[in-house]
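The structure appears right after this line, and notes come after that.
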Amino acid sequence: MISTAYLRVFVTGDATNVASHDEAFDDERVVRSDGRFLWDESLREDSFVTDWNGVIYLCPRNARLRMVEGVLAFSGTYPKIPLVSEDERESFKKELAGLRSTDRKSHILASSWHVPLRWFGAFSPSEREIYERRDGLGIRYRTDLGEAVDRIGWAVRVLDGAGFPAPVVEQVRDLERWLAEFPAGSMLELDYATVADHFADADLTFDESAEDVRQSLEALESGDGDASRTAYARVSGRWAGRQALTFAN
């Protein structure tokens, strides 16, 4: 099974009439579609529900919406790979338009095998939590959405001011735009989830990826290129092996 990390936006709401996601249904998560696609989660219409700082937050999974978005994004990025025919692509586009017409939007970004380094820029190192998962220790970060937007905006300015290539800056700017779509008072969570399975518990305990990313950006902002590269080398080295699997599978 593909290991996956998640960036989730939780909004405040009444959980009384909301179907809460139950890990028991994770055993049903493999859903095949015409023999070519392998969905790695259940298509149940439910939400993650959590209590953070005494407030109930909901994160709708909108699984089918995210799956259709993923197919279209992949086929658009790699048009020479015949994942879907042009007729099927048009069908997916119509389905996506119908799903979005109900005001649905993706509350979750997923990353196979690794955590994208730009995600760490949304969090303070002090927001890191070690928690118990079914299969061992896990790491998550949680923060106020407004704080996350401000931090990512700062990262964009630092990278842009340092003359980084436009595609690099644009990836971070895309994250800022996605976060800005959600209402004030929401909560942002980065969860290593099953990616944590590939690290020893001791390595997870001492994982300070958000700290390294922040130190790299702060040094870059102050003009200390050596310190910025040193901090970046620490975090990129930690994730290089995991990220390589993205291109090997």
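The values are calculated or read from the model by the stated rules, or taken from the named source; none is laboratory data. All figures in this text were calculated on a predicted structure; none of them were measured in a lab. Don't worry about glycine lacking a Cβ; one is built from the backbone with ideal geometry, like all the others, and counts go over all protein chains shown.
Taking the conditions exactly as written (among the basic types (Lys, Arg) and more than 23 Å from ILE108 (Cα to Cα)), does ARG177 satisfy them or not? Working first, answer last.
On the way: among the basic types (Lys, Arg): yes; more than 23 Å from ILE108 (Cα to Cα): no.
Here the answer is no, as ARG177 does not meet what is asked.
Please work out which residue is surrounded by the most Cβ atoms within 10 Å (Cβ to Cβ), limiting yourself to region 162-186 and to residues that are of a type in the set (A, V, I, L, M, F, W, C) and in a loop (DSSP other than H, G, I, E, B).
Start the filter on region 162-186 by keeping residues that are of a type in the set (A, V, I, L, M, F, W, C), which leaves 162, 164, 166, 168-169, 172, 175, 178-180, 182, 184.
Next cut, in a loop (DSSP other than H, G, I, E, B) only: 162, 164, 182, 184.
Values: ALA162: 14, PHE164: 15, PHE182: 18, ALA184: 8.
Ranking the candidates gives PHE182 first.
Checking the structure you have, find out if any residue of region 115-135 is touching a Phe, Trp or Tyr at 6+ places or on another chain (Cβ under 6 Å), modelled with pLDDT under 95 and not hydroxyl-bearing (Ser, Thr, Tyr).
No, every residue in region 115-135 fails to be touching a Phe, Trp or Tyr at 6+ places or on another chain (Cβ under 6 Å), modelled with pLDDT under 95 and not hydroxyl-bearing (Ser, Thr, Tyr).
Is there a residue being small (Gly, Ala, Ser), surrounded by 18 or more Cβ atoms within 10 Å (Cβ to Cβ) and over 17 Å from PHE120 (Cα atoms) anywhere in region 187-209?
No, region 187-209 contains no residue that is small (Gly, Ala, Ser), surrounded by 18 or more Cβ atoms within 10 Å (Cβ to Cβ) and over 17 Å from PHE120 (Cα atoms).
Yes or no: VAL169 among the hydrophobic types (A, V, I, L, M, F, W, C), more than 20 Å from GLY225 (Cα to Cα) and touching a helix residue (DSSP H, G or I) at 6+ places or on another chain (Cβ under 7 Å)? Let's see the steps before the verdict.
Numbers: among the hydrophobic types (A, V, I, L, M, F, W, C): yes; more than 20 Å from GLY225 (Cα to Cα): no; touching a helix residue (DSSP H, G or I) at 6+ places or on another chain (Cβ under 7 Å): yes.
Taking the combined requirement at face value, the residue does not satisfy it.
Return yes or no: is GLY223 at positive phi, in contact (Cβ under 8 Å) with a residue 40 or more places away in the chain and loosely packed, with under 15 Cβ neighbours inside 10 Å? Full working, then the answer.
Values: at positive phi: yes; in contact (Cβ under 8 Å) with a residue 40 or more places away in the chain: no; loosely packed, with under 15 Cβ neighbours inside 10 Å: yes.
Taking the combined requirement at face value, the residue does not satisfy it.
I'd like to check something: does region 90-103 contain any residue that is of a type in the set (Asp, Glu), farther than 29 Å from ALA196 by Cβ, surrounded by fewer than 14 Cβ atoms within 10 Å (Cβ to Cβ) and at pLDDT below 70?
yes
Would you check which residues across region 48-89 are of a type in the set (Ser, Thr, Tyr), surrounded by 14 or more Cβ atoms within 10 Å (Cβ to Cβ) and over 27 Å from THR12 (Cβ atoms) and list them? Break it down into steps so the answer makes sense when it comes.
Going residue by residue through region 48-89, those that are of a type in the set (Ser, Thr, Tyr) are 50, 57, 75, 77-78, 85.
Those still in the list that are surrounded by 14 or more Cβ atoms within 10 Å (Cβ to Cβ) too: 50, 57, 75.
The one that is of a type in the set (Ser, Thr, Tyr), surrounded by 14 or more Cβ atoms within 10 Å (Cβ to Cβ) and over 27 Å from THR12 (Cβ atoms): SER75.
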